[in-house]
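Data block below; observations after.
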Amino acid sequence: MPTRLIGSILLVLLSAGVGAVLGTVLGAQPAVARQQEEGVQQQQTPDSQQDTTIQQLQTVIEQENGTIQQQQAQIATLNATVHQLDLSRPTYEELETFLAADQTSQKSPDDSSYVCLNYAHDLKVAATSAGWNMSFVVANVAVQVSAKSSQTGQSTGGIVISQTINFAHAFNSVILQDGRTVYVEPQNNRIFLDEKDLVNAKVEQFFPSNQYLISNMTIEDTVFVW
């Protein structure tokens with residue numbers, strides 16, 4: 001075979017081999033590029049998810065901050081209201097002055113259901129309006145009552161007619177600036193230094209001493225509402 005022909009064949013074969021190699025290499029490059037792009041996309045996907053999560057958290061935090069600000073505004077309003085309702089302890093003289101000007105004891109309603117509870121409630125409301133701290137008090141009382149003869153002052157016919165009377169009475173109390181607690185009869189504005197003295201005065205009103213003998217007066221329990 002001529003040498004020139006052999007050379008041409010070798011050149012063709014060599015070109016085909018080189019072309020195949022180049023084709024393989026060049027054909028592989030897009031696949032590698034695609035893999036790299038997919039890898040970048042895979043790397044970017046978690047970051048995107050994190051960004052979304054962070055945005056959601058920021059939204060939640062903003063909503064919570066808005067709620068907190070609303071609550072703080074409500075608390076500030078309540079504090080202002082409470083501050084306006086701050087009540088003081090009067091001195092004895094200030095309490096006397098307040099009671100002298102108050103008209104609660106002067107009420108004489110036609111409705112017979114207006115009783116000591118109503119007087120005590122209204123006096124407390126009036127004291128609050130004046131800036132004084134006054135409580136509403138209810139005492140449960142038990143007392144032994146014996147009837148007297150109107151002529152002799154002794155029990156009728158020498159026989160003691162006695163029974164235990166239980167009743168409740170409403171009044172008011174005040175803690176003074178000096179720490180003492182005094183009691184107020186709202187139906188006449190009298191001030192008592194002892195709860196029992198006030199209750200005894202009410203028992204005397206119910207059962208006058210010229211008609212009854214009173215013994216064993218007991219205050220069974222007392223409820224204070226400030």
* To do: Express the relative contact order of the stretch 92-225 as a whole percentage, based on alpha carbon pairs under 8 Å and six or more residues apart in sequence.
  => 31 percent
* Structure fact -> Applying the gyration tensor rule to the Cα atoms of the stretch 92-225 (axes a ≥ b ≥ c; rounded if a/c under 1.5, else prolate if a/b exceeds b/c, else oblate), the class is prolate
* Asked: Once both labels are modelled 7 Å past Cα along the beta-carbon direction, what's the Met217-Glu62 spacing in nm?
  -> 7.2 nm
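Bear in mind these aren't lab numbers, they're just calculated from the coordinates by the rules spelled out. Every value quoted in this text rests on a predicted model; they were computed, and no experiment measured them. All Cβ positions, glycine included, derive from the backbone under ideal geometry; neighbour counts span all protein chains shown.
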